[in-house]
Amino acid sequence: MPVIIVEGPKADEETKRKLVKKITEVVREVYGVHHVSVVIHENETENVGVDGELLSDVLRRRTQR
């Protein structure tokens with residue numbers, strides 16, 4: 001049984017539902033298996049670094065333009 005771990009931003013329940021469904025469909029098609037587990041890890045933007053900066057700082061700067 002494949003276990004897929006998704007690291008991403010916070011999302012509402014409907015978004016997670018869609019994500020799990022689509023990922024499961026693709027994994028089933030590619031691996032030819034029935035059982036697939038998807039684990040979603042939500043990350044706060046202040047816990048993610050991009051190019052040496054916190055993602056929260058990058059996003060804040062974008063909204064100030």
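None of the figures in this text is laboratory data; all of them are computed from the coordinates on show. Model, not experiment: these values are computed from the prediction. With ideal geometry, Cβ positions are generated from the backbone for all residues, glycine too; neighbour counts draw on all protein chains shown.
Please report the antiparallel percentage of the DSSP beta bridges confined to the range 3-63, to the nearest 5.
Rounded to the nearest five, the antiparallel share is 25 percent.
Subtract the Cα-Cα distance of I4 and I40 from 0.36 nm times their separation in residues, and report this length gain in nm to one decimal.
12.1 nm
About the Cα centre, and with charges only on the beta carbon of Lys, Arg (+1) and Asp, Glu (-1), how big is the dipole of the chain? Nearest 20 debye, please.
About 280 debye.
Applying the Karplus parametrisation 6.51 cos²θ - 1.76 cosθ + 1.60 with θ = phi - 60° to the phi angles of the range 18-32, what ³J(HN,Hα) value in whole Hz is obtained for each residue in order, glycine and proline being reported as x?
Per residue, the Karplus-derived 3J(HN,Hα) values read 5, 4, 4, 5, 5, 4, 4, 4, 5, 5, 4, 5, 6, 8, x Hz.
From the C-alpha coordinates alone, can you work out the Kirkwood hydrodynamic radius of the range 3-63, in Å?
Value: 13.4 Å, from the Cα pair sum.
If you build a Gaussian network model of the chain, linking Cα atoms that sit under 10 Å apart, which residue out of V30, V20, V39 swings the most?
V30
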